[in-house]
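Beneath this line is the structure, given in structure tokens, with notes to follow.
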Amino acid sequence: MEPFERQATIDPMRDLVTDPVGTVKQTAKKVRRKKSKYGRELSKQLKLANKQARTRSGKLRKGMTPAKILKKAHRATKRRFR
């Protein structure tokens, strides 16, 4: 059997092995949105606020909560854009 003939007989069988029922559809990857200027700045401010709100061991300081940290970061970001 020639290589071309062998390939011709194997190709239909490969299709059966990959998806015998034909139920799997190829889906395109979702396109990511471009990061906004506000989002980039918020990320920087959040890192800064988080660093200030934690002790050396990594615990939150007394009276600080994750919500307060995020609130401070949003406020700082808004101030930067005035």
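Bear in mind that the values in this text are calculations on the coordinates, not laboratory data. What you are looking at is a predicted structure, and each value in this text was computed from that prediction instead of being measured. All Cβ positions, glycine included, derive from the backbone under ideal geometry; neighbour counts span all protein chains shown.
Summary of values
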read-out: In segment 24-52, the residues that are aliphatic (A, V, I, L, M) and part of a helix (DSSP H, G or I); value: Leu42, Leu46, Leu48, Ala49
read-out: Per-region count, segment 59-71, residues without any contact (Cβ under 8 Å) to a residue 24 or more places away in the chain and assigned to a helix (DSSP H, G or I); value: 5
